[in-house]
Amino acid sequence: MTQLIEDYALIGDLQTAALVGRDGSIDWLCLPRFDSAACFAALLGDKDNGHWRIAPNGAGNCTRRAYRGNTLVLESVWETRSGTVKVTDFMPQRDKAPDVVRIIEGISGTVSMRSTLRLRFDYGNIVPWMRRSKGHRVAVAGPDAVWLRSGPEDRVKTWGQQFSTCSSCTVTEGERIAFVLTWHPSHEPQPEFIDPFEALEHSVEDWEEWSSRCRYAGPYAESVQRSLITLKALTYAPTGGIVAAPTTSLPEEIGGVRNWDYRFCWLRDSTLTLSALVSAGYLDEAAAWRDWLLRAVAGDPADLQIMYGISGERRLPEVELPWLRGYEGSAPVRIGNEAVKQLQLDVYGEVIDSLHLARSSGLVAKPHAWNLQLSLLGFLESTWREPDEGLWEVRGPRRHYVYSKVMAWVAADRAVRALEEHPTLRGDADRWRAMRDEVHREVCEKGFDPERNTFTQSYGSTELDAATLLIPRLGFLPPDDPRVLGTIEAVRTGLAHNGFIRRYTTDRRDRIAVDGLPGSEGAFLACSFWLVDALRLTGREKEACELFERLLSLRNDVGLLAEEYDAATGRQLGNFPQAYSHIGLVVSALALTGEETAG
């Protein structure tokens, strides 16, 4: 049985990532990229779908674990009757070939260790051919080849068993034994092998140096730093794109069908991501994300997508993998994401807002960025009155979503502000002011319910939407406006989940939810951080801090958050770790301590 979602820790090399359970098993790993097929897919099936466990013989979960300082190097410790042992897991930043390094170290006494490697390429579907070569094990199937090395060789016994590669060894105090897994294309020669102990030293140095650049030193420094490390780990270094999560199909409801592939880059995350990176002092990463954004959205504004691949790919076809039963039976397992085809008008505003923030934050200007913004705004001017699928990617009919309209206002507002603040930019400020005013009037007339004193999810709807919590943050209305205060209270009570916030209502028994799907979901953690921000903006700082600290308590033992939280069971839900949740944490922490960058 796979472990709880929150029982996993993350390791990665800035091009892909793996999830390591408390039991010492790597149950998820895609090679060579985040969006490649998994070679360990036990997370979404069972151990026969691929995993790699290293642990003491007969042991269960580790006694304790933690990252080494401000790094992504994971240390898991088992205290057994015969002694204590530590396993250090990491993925060094690569030159070419990706490596997974696992170092066993004796702390005290004598401990017998066991490694079980079960490689299954193509998301657990293909059993590779395993052979010996130059004293090592090599697994090959189709385009994939993986080398397993262990040493010192005279200390490790390795054999094949039930289509797995098993190893055993014994360590005493001070002894270290390393296992290294290296992937390369099967048609290419053997890659150059790394020294695992030198790689460990370099990895610790690299992460510590990167972490030292964080300029936030407030009361939430530890949680902010860990979230920033997580965001860095979800960055695809060659392009600067940041994946929403390194996993696919972890369920929003255990046993349900709300299972999606998040190994792509969403435009809706762009403004908050930039704000978090810039505010924390990571201008290089902010610039890389901005540049990824510019490349991804280049072209006809009518073809703008809500998400792209990590290199800016546009085609992300969604298919189901029937041989995987899903996490705790939550089927189907999906790869790709059909929502890429949706019309979500809010992304135009998010892109324009992101580029406005980049300019105001002092990032080196790109000469074509302003022309791109004008092009996007010109398209939005003629389409903002149309219905769309909204930011939550609902698979029901299109509606006039309030948040989409608010973001159209943001697009026009940022254009006007840019022209006012930067006289060298060319554009028709009066034209965009007129659009801004028209959108504002319509939203306040059609998207507001005066009887309940709240903005609704869509025109004429009685449903609530947590995205309306962003109205004061975006500047659409001031925080002390009665309509803002009413909306915050309506969302806070109407979408409450044990004090946290759902995105929208999904648990109506009388009909299918607004998103067109059966079942329900947990509290959406990013939305709960939005409530923190809204409470702060409206002067309720004590309540904001209390909620923020409750949210911090939901992190697992190594500081990670999934997409959602089920207060009834006390479990994390959804893809893990989730960039949007960690972005929300960073932005709220910085805002609570007055260190947020304003756009």
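The values are calculated or read from the model by the stated rules, or taken from the named source; none is laboratory data. Being a predicted model, the structure only gives us computed values, none of them experimental. In this analysis, Cβ positions are derived from the backbone assuming ideal geometry, glycine residues included, and neighbour counts consider all displayed protein chains.
If we keep just the residues of the stretch 266-305 that are more than 18 Å from F34 (Cβ to Cβ) and β-branched (V, I, T), which is farthest from the chain's Cα centre (by Cα)?
V297
The rows are residues; the columns are (1) more than 26 Å from Y67 (Cβ to Cβ); (2) of a type in the set (K, R); (3) modelled with pLDDT of 95 or more.
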site: T538; (1), (2), (3): yes, no, yes
site: E541; (1), (2), (3): yes, no, yes
site: R550; (1), (2), (3): no, yes, yes
site: L573; (1), (2), (3): no, no, yes
site: P577; (1), (2), (3): no, no, yes
site: H582; (1), (2), (3): no, no, yes
site: V587; (1), (2), (3): no, no, yes
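Just checking, how many residues over the stretch 274-305 are charged (D, E, K, R) and in a loop (DSSP other than H, G, I, E, B)?
1
Give the residue, chosen from E153, E175, E192, that is at pLDDT 95 or above and either not assigned by TED's automatic domain parsing to the domain that holds S76 or not hydrophobic (A, V, I, L, M, F, W, C) (or both).
Every option except E175 fails the conditions.
Looking at (1) over 30 Å from A237 (Cα atoms); (2) at pLDDT 95 or above, can you tell me which one R131 breaks?
R131 satisfies every listed condition except (2).
Give the residue that is farthest from the chain's Cα centre (by Cα), with candidates limited to residues of the stretch 430-487 that are in a strand (DSSP E or B) and aromatic (F, W, Y).
Among residues in the stretch 430-487 that are in a strand (DSSP E or B) and aromatic (F, W, Y), the one farthest from the chain's Cα centre (by Cα) is F448.
Mind checking which pairs have a first residue in the stretch 535-547 that is under 18 Å from A523 (Cα atoms) and touching a residue at least 40 places away in the same chain (Cβ under 8 Å) and a second that is of a type in the set (V, I, T) and part of a helix (DSSP H, G or I), Cβ under 7 Å, 6 or more apart or different chains?
A544/V532; L547/V532
Looking at the stretch 62-98, which of its residues are over 30 Å from P185 (Cβ atoms) and of a type in the set (K, R)?
R64, R65, R68, R81, K86
So which residues in the stretch 245-272 are β-branched (V, I, T), over 22 Å from A467 (Cβ atoms) and not in a strand (DSSP E or B)?
Within the stretch 245-272, T247, I254, V257 meet the criteria.
Please find, within the stretch 319-357, the residue that is surrounded by the fewest Cβ atoms within 10 Å (Cβ to Cβ) out of those that are within 30 Å of L274 (Cβ to Cβ) and among the basic types (K, R).
Here the residue is K341.
Quick one: which of R94, R118, R102 is among the charged types (D, E, K, R) and over 25 Å from the mean Cα position of the chain (by Cα)?
Within the list R94, R118, R102, the selection yields R118.
Within the stretch 566-584, track down each residue that is in a strand (DSSP E or B) and in contact with a helix residue (DSSP H, G or I) (Cβ under 6 Å, 6 or more places away or on another chain).
Across the stretch 566-584, the qualifying residue is only Q572.
Tell me the residue from I471, I501, I488 that is touching a residue at least 12 places away in the same chain (Cβ under 8 Å) and either aromatic (F, W, Y) or touching a Cys at 6+ places or on another chain (Cβ under 9 Å) (or both), please.
Among I471, I501, I488, only I501 is touching a residue at least 12 places away in the same chain (Cβ under 8 Å) and either aromatic (F, W, Y) or touching a Cys at 6+ places or on another chain (Cβ under 9 Å) (or both).
Being of a type in the set (G, A, S) and not in a helix (DSSP H, G or I) is the filter; apply it to the stretch 228-244 and report the residue that is surrounded by the fewest Cβ atoms within 10 Å (Cβ to Cβ).
A237
Can you list residue pairs whose Cβ atoms sit under 8 Å apart, with the first residue in the stretch 355-376 being more than 15 Å from A296 (Cβ to Cβ) and the second being among the hydroxyl-bearing types (S, T, Y) and surrounded by fewer than 22 Cβ atoms within 10 Å (Cβ to Cβ)? Count only pairs 6 or more apart in sequence or on different chains.
As it stands, the answer is L357/T597; S361/T597, since those pairs meet every condition given.
Hey, T538 hits all of (1) surrounded by fewer than 21 Cβ atoms within 10 Å (Cβ to Cβ); (2) under 23 Å from the mean Cα position of the chain (by Cα) but one; which does it fall short on?
(2)
What number of residues within the stretch 412-458 are buried (at least 16 other Cβ atoms within 10 Å of the Cβ) and of a type in the set (D, E)?
Number satisfying all stated conditions: 4.
Only residues in the stretch 81-108 that are under 20 Å from T235 (Cβ atoms) count as the first member; pair them with residues that are charged (D, E, K, R) and at pLDDT below 95, Cβ under 9 angstrom, at least 6 apart or cross-chain, and list the lot.
Taking only residues 6 or more apart or on different chains, the pairs are D95/E192; K96/E192; A97/E192.
Of the residues that make up the stretch 215-225, is at least one buried (at least 22 other Cβ atoms within 10 Å of the Cβ), outside any strand (DSSP E or B) and under 19 Å from the mean Cα position of the chain (by Cα)?
yes
A97: closer than 18 Å to D7 by Cβ and of a type in the set (A, V, I, L, M), yes or no?
No: the conditions fail for A97.
Considering only residues that are among the basic types (K, R) and crowded, with 16+ Cβ neighbours inside 10 Å, look in the stretch 107-146 and name the one that is nearest to T63 (Cα to Cα).
Selected residue: R114.
For the stretch 440-468, enumerate the residues that are hydroxyl-bearing (S, T, Y) and in contact (Cβ under 8 Å) with a residue 60 or more places away in the chain.
Residues satisfying the conditions are S458, Y459, S461, T468.
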